[in-house]
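Report on the structure given below.
The values are calculated or read from the model by the stated rules, or taken from the named source; none is laboratory data. Note that the structure is a prediction, hence the values are computed from the model and not measured. Here the Cβ positions follow ideal geometry from the backbone for every residue, glycine too, while neighbour counts run over all protein chains shown. Note: areas computed on protein heavy atoms with side chains; ligands, DNA, RNA excluded. Shrake-Rupley method; radii C 1.70, N 1.55, O 1.52, S 1.80 Å.
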Amino acid sequence: MTTREITFRDALSEALREEMVREESVFIIGEDIYGGPGGYGGAFKVTKDLGKDFSDRLLDTPMIEQTIVGAAVGAAMTGSRPVAEIMFEDFITLAMDLLVNTAAKTHYMTGGQYCVPIVVRAACGAVGVGPQHSQTWTSWFMHVPGLHVVLPSTPYDAKGLLKTAIRDDNPVLFLEHKKLYNVKGNVPEEEYVIPFGEASVLCPGDDVTVVAIGYMAGLASHVAGTLRDQGLSVEVIDPRTLAPLDLETISQSVRKTHKVVVVAEDCKTAGPTAEIAALVSEACFEYLDAPVGRVGARHAPIAHNVSMAEYIVPDATDIHEAVKSVMAW
Amino acid sequence: MATQVILPKLTYEMEEGRILEWLCEEGNAVFAGQALFVVETDKASIEVLAEEAGILLRVLVPTDAVVPVGTAVAWIGAPGDAIPEVEALHPPKEQEAVSSPQDIIVTSRDPEAVVASPVAKRLARELGIDLEDVQKHVGQKRIREVDVRAYADARRTAMGTEGPEVAGDAEFELIKPTPLQRAMALHLSQAAAIPQAAAACEVNLTSLELLRNELSADWEASHGFRLSYTHMLAPLVALALESCPTLNATWTDEGIRLYRTINLGVAMASDRGLVVPVVRAANQLLLAEIASEIVRLQRATMGNRLPPQDLEGGTFTITNVGMLGITLSIPLLNPPQSGILGIGAKRAQLVLKDGQPVTIPVTWITVAFDHRVVDGVAAAAFLQRVKELMENPRSVLG
Amino acid sequence: MTISEELMLQMYRDMVLGRSFEQRAEQLAHKGLIPGAFHVGIGEEATHVGACLALTHKDYIIPTHRGHVADIIKGADPGRLMAEILGRATGYCGGRGGTVHIADAASNNLGVQAVLSAVFPVAVGAALTQKRLNAGRIVLAMFGDGASQMGTFHEALNLSAIWHLPVVWVCVNNHYAMSTSFAEASAIANVADRACAYNMPGCVVDGNDILVVYETVREARERALAGEGPTLIECKTYRQGGHSSFDTNPYRPQEEIDAWLKRDPITQFEQRLRERGILDDKHMTQIADGVQQQVDEAEEFALNSPEPPPEAGVEFVFRSSEVEEL
């Protein structure tokens, strides 16, 4: 299997391209994703290379988040496989009803008569763009029966998971952290898919488990390296999909290490870390040698000022401290 | 107003004492100078006297409890005096074992006082360990898995158990080792640190059996006891050791001590366990003398009258486990000795003699040796010498 | 456009069936057999039946929560419809949806949207697929005057216009959302007046005149199929009962109710058909008996249908799709 180094963005683009080639019914709908002959190519340029070859499949819309997602639902119910792009995850609240009440519930409400194979892609994460352009929200959506929630942390994961998302007959919220778009990684030349519900063990270890979500996975791996030099063996697990969640891999690790820290960029309060901590506590109680540690953003919107934002959003130091704290219990 | 009775410092080095016996009960009237309780110190058992007259209102520390000097052990006062609910003057150190189920401090035991992680609790349960013991061992309130394991290791080392770490939820009876057992456990644990090897060879017992039969005829009448193989082996081994001095030695940091005398330890079973009394200068004794000495030692052992000096100074040990039915033994070294010989059970072996099948009595003899002092060649030489002597005993014993 | 006698009789019968079905369902609601509320569409039959008959089987429909007759005309079986309303296992959604989520994929009924704002984007999306596939189908989206105030009405109508999507927007203006009258809620007199904001044809019709509704929707359908884009049709009608079976509608003036009762769509049409000699007493009896029997059978089927097992409540949350490995 040959691999080459490409960016997270290009990996996404390849996934979209391959799936559009594979299925006529796949199209992309969103704001500024095509943008005319030159092609704006999406706010984060994910669709930039696709306009030329797929001009009829990239549909630019007015500023209508509700209808972007809602139209995707209607199209999906009648045979299409749309990929809707929401520019910033913060804006997804505009389309909450269509995502949570319509997309997630249609298959159920109609007793299985209709399914909604949509992918809603959105850019999440804090990069100094202010309180309404920086959120990562995942637990809201984990909370909704009928939705799949996916956060890749590497180009390899991004491509494989996006392809699976497009082929999934269920609505998928696919979150792309803005800081990852330019990150490079090895991606095979050959086509491949990554199933949902399979966590990835980024580095094996024996002393403590760190479950790190999305962008935090990379940070956690970095912290694990530092701690390894200090004699601590850290196992980093990236769940990759939060719904469905691979609790088995996480539990296996906790049964080995007896200590665990869960890390996410979401607000710590009622974040995905809370759900995972509760699940781990239920599944592995008699294996725990310390309370489950959690790292998340402080309870505030993410400020415009850079040092404030950095104070609010978790970083490598926070992960490091949390691991040390759990070890010292 | 009630006054406290504290544990006084009764000797220069005394730091704590064990309450052996309360001589009065709560509610008793006591006079100044009356003996209240007996305390065991590092030196002796001493009676503690009441300093004032009054009623023994409350006993705070029960019998068998070990408390530091200065601990409040009782209250004396007038009838009806209120007893303040105060902490002991010198609350016991957390590491100190409180063997009584009652707490020293007046407040009752809080079942939640031990904080342990879930995995620590499970491990303790599986190993049959009391979390409070772990708490005292590690000296901290919060117990993690590593603390339970540390306690389990320490306990295993002290008791010498070599069982599997996690016994599961199986029921067991806990037996407290006797001082003798503890001493032996400690002693033999030292053997584990010595690099040992063993070598064995088969010995034809035909001649020895023949000689024994001849000698046995009037032996008992002359000596008052029956002649055993062990009696006969002792002088033979002692003689073999004369030509194999490294088997009669000890490795030390300064060098290898080759002992000039051969003090032969002879392993014996007693109802209290295994003992190895020593026959001094065995190579200078005749068969009858060695045998008599061994018998003396045996009788003393059985009667629990063996003086300590008879257990000291051994330079080599023989252990005849053949009488227990063991065919081949691989004995454990008896530190600081560099060698030990085990003798197995006599058994019939089918051989061809002049083309005809005959049975001969044979046995295995095994030497275990300190490989720092004795190598395979020396061990083999020793075995060969012992074998030679056992197969031709008449020259020595006859 | 000439409408055959046969079709007119069909129209009449369908309206009678619709009303009878609604009345029977309302009775069941009053008996406490329907979980939750039931929204009665008595009085609006001409709009729902007229619009539906203008469609072919292939066309998609998003009916309103009051348009049970539309479900039936489009092709749903009245028995299974009634069963779904009662929450039984044999209902179209296995009892999971109820009256406000009736859907029937076999007759291309995309299902009622209970959160009304979803009607507009879902309709637009469905129409988008038809356009992309050149499928020769349209989407009929039915919605009330209340729903037309939602933000998605604006987003979706605009999008349907700029993309020339094959959708027919039919507003069932019965003058009241729940209790809020259209006059109070709207800055303008007619929902269809907004059509010009989206550069699409719009018209107001008498929602109680079934022939007019039918013809108008047919024309809009042809336009959509020809690629000329959407049309906004406002049908002025009136619901004769309250918002739901629990609602005694004290907020509507009696004169208003009486005035509309005089313009009852079924009575009006009956008269017209009699005048033309298409309908007589014999027909009436036949139709009435036939409808009675149909509704009786539907009720019986529904009442005899089993409750779904409680555990079935967690089925269909996801559709399992085996993503094929390459």
Using Cα centres only, tell me the gap between the stretch C:38-92 and the stretch C:106-130 in whole Å.
14 Å
When the Karplus curve 6.51 cos²θ - 1.76 cosθ + 1.60 is applied with θ = phi - 60°, which whole-Hz ³J(HN,Hα) does each residue of the stretch A:66-73 get, with x for Gly and Pro?
4, 7, 4, 6, x, 5, 4, 4
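Carbon and sulfur atoms: what percent of the 1.4 Å accessible area of the stretch B:111-162 do they account for? If you can, show how the numbers build up before the last one.
Values: 1310 of 2700 Å².
Answer for the stretch B:111-162 is 48 percent, counting heavy atoms of protein chains only.
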Students often forget the sequence filter, so: which lysines lie under 25 Å Cα-Cα from residue B:353 once same-chain residues fewer than 8 apart are removed?
B:387
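Would you mind giving the total buried accessible surface between chains A and C, with a 1.4 Å probe and ligands, DNA and RNA left out, rounded to the nearest 100 Å²? Can you show the working numbers first?
Details: alone 13880 and 14870 Å², together 24930 Å².
What A and C bury together is about 3800 Å².
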Over every pair of different alpha-carbon atoms in the stretch C:230-326, take the mean of 1/r and invert it; report that Kirkwood radius in Å.
19.4 Å
Let me test this: with uniform point scatterers at the alpha carbons of the protein assembly as shown, what is the Debye-based log₁₀ I(q)/I(0) at q = 0.09 1/Å?
-1.05
Accessible-area value, residue C:8, 1.4 Å probe, nucleic acids and ligands omitted, Å²:
10 Å²
Cα lying deepest toward the dipole's positive end in the protein assembly as shown, options A:319, C:303, B:384, charges on Cβ:
B:384
Magnitude of the charge dipole, chain B, Cβ model with Lys/Arg +1 and Asp/Glu -1, debye to 20:
1660 debye
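What ranking do B:325-333, A:162-170 get when scored by the average of other Cβ atoms within 10 Å per residue, highest first?
By packing density, highest mean first, the sequence is A:162-170, B:325-333.
How would you order C:147-157, A:181-191, A:319-329 from highest to lowest mean count of nearby Cβ atoms within 10 Å?
Ranked by mean Cβ neighbours within 10 Å, highest first: C:147-157, A:319-329, A:181-191.
Take the Cα radius of gyration of the stretch B:194-397 and divide it by 2.2 N^0.38 Å, with N its residue count; two decimals is plenty. Kindly include the intermediate steps, with their values, before the conclusion.
Numbers: Rg = 16.8 Å, N = 204, 2.2 N^0.38 = 16.6 Å.
Taking the Cα Rg and dividing by 2.2 N^0.38 Å, one obtains 1.01.
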Quote the accessible area belonging to residue A:253 in square angstrom, nearest 10, computed with a 1.4 Å probe and with ligands, DNA and RNA left uncounted.
0 Å²
Take chain B, connect every pair of alpha-carbon atoms lying under 10 Å apart with a spring to form a Gaussian network, then pick out the residue of B:306, B:258, B:350 with the largest mean-square fluctuation.
B:350
A correct Stokes-Einstein calculation for chain A, using the alpha-carbon Kirkwood radius, 10 °C and 1.306 mPa s, returns a whole-number D in µm² s⁻¹ of 79 µm²/s
With no solvent and one equal point scatterer placed on each C-alpha of the stretch A:97-140, evaluate the Debye formula and give log10 I(q)/I(0) for q = 0.26 Å⁻¹, two decimals.
-0.93
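When a/c reaches 1.5 or more, the comparison of a/b and b/c decides; with that in mind, is chain C rounded, prolate or oblate per its Cα gyration tensor? Could the numbers behind the result be given before it?
Details: a/c = 1.33, a/b = 1.02, b/c = 1.31.
Because its axes are fairly even, with a/c under 1.5, chain C counts as rounded.
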Please list A:34, A:311, A:287 from largest to smallest accessible area, probe radius 1.4 Å, with all protein chains kept in place.
A:311, A:287, A:34
Taking θ = phi - 60°, what integer Hz values does the Karplus form 6.51 cos²θ - 1.76 cosθ + 1.60 yield along the stretch C:201-210, in sequence order, with x for Gly and Pro?
x, x, 8, 9, 10, 6, x, 9, 9, 4
What does the accessible area of residue A:156 come to, in Å² to the nearest 10, when a probe of 1.4 Å is used?
90 Å²
Please report, in whole Å, how far the alpha carbons of the stretch B:316-398 spread along each principal axis, starting with the longest.
47, 28, 26
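Quote the Stokes-Einstein diffusion coefficient, in whole µm² s⁻¹, for the stretch B:346-392, based on the Kirkwood radius over alpha carbon pairs, a temperature of 20 °C and a viscosity of 1.002 mPa s.
The diffusion coefficient I find is 168 µm²/s.
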Chain A: relative contact order in percent, alpha carbon pairs under 8 Å with at least 6 residues between
16 percent
Can you tell me the 0 to 90 degree angle between the C-alpha axis of helix B:376-391 and the longest principal axis of chain B, rounded to 10?
60 degrees
Using the structure shown, list the pairs from C:74/C:262; A:324/B:141; C:58/C:131; C:31/C:282; A:45/A:178 with a Cα-Cα distance above 22 Å, or answer none.
C:74/C:262; C:31/C:282
Per residue of A:62-69, how many C-beta atoms from partner chains lie within 10 Å of its own C-beta, taken as a mean?
6
Selected from C:215, C:234, C:22 as most flexible by GNM, with chain C as the system and alpha-carbon contacts under 10 Å:
C:215
Tell me which residues come under 5 Å, amide H to amide H, from residue B:281 once H is placed; ignore anything under 5 positions away on its chain.
B:262, B:263, B:264
If you build the Cα gyration tensor of the stretch B:111-162 and take the root of 5 times each eigenvalue, what three semi-axes come out, in whole angstrom, biggest first?
18, 11, 9
Reduction of at least 20 Å² in accessible surface, 1.4 Å probe, comparing all protein chains with the chain by itself, residues of the stretch A:267-309:
A:285, A:286, A:287, A:288, A:289
What does the structure give for B:33-41 when I average, per residue, the other chain Cβ atoms found within 10 Å of the residue Cβ?
0
Measure off, as a whole percent, the carbon and sulfur share of the 1.4 Å-probe accessible area of chain A, all protein chains present.
53 percent
Can you pull out the trypsin sites (Lys or Arg not before Pro) in the stretch A:1-83 that DSSP calls coil and that have at most 13 other Cβ atoms within 10 Å?
A:52
In terms of the Cα gyration tensor, with a ≥ b ≥ c the square roots of its eigenvalues, is chain B rounded because a/c is under 1.5, prolate because a/b exceeds b/c, or oblate?
prolate
Once each part is reduced to its C-alpha centroid, what is the distance from the stretch A:158-222 to the stretch C:238-265 in angstrom?
58 Å
When chain A is treated as a GNM, springs tying every alpha-carbon pair under 10 Å, which of A:232, A:161, A:98 comes out with the largest mean-square fluctuation?
A:232
Based on C-alpha coordinates, I'd like the Rg and Dmax of the stretch B:124-264, in Å.
24.6, 73
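Per residue of C:259-268, what is the mean number of Cβ atoms on other protein chains within 10 angstrom of that residue's Cβ?
On the way: counts 0, 0, 0, 0, 0, 0, 0, 0, 0, 0.
Partner Cβ neighbours, averaged per residue: 0.
Kindly give Rg over Rh for the stretch A:182-329, based on alpha-carbon atoms, with the Kirkwood expression for the hydrodynamic radius. Write down the numbers at each step before the final one.
Numbers: Rg = 15.3 Å, Rh = 15.7 Å.
Checking Rg against Rh, the ratio lands at 0.97.
Averaged per residue, what accessible area in Å² does chain B show with a 1.4 Å probe, protein chains only?
Numbers: 21640 Å² over 398 residues.
Per-residue value: 54 Å².
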I'd like the distance between the alpha-carbon centres of the stretch B:353-382 and the stretch B:1-62, rounded to an integer number of Å.
66 Å
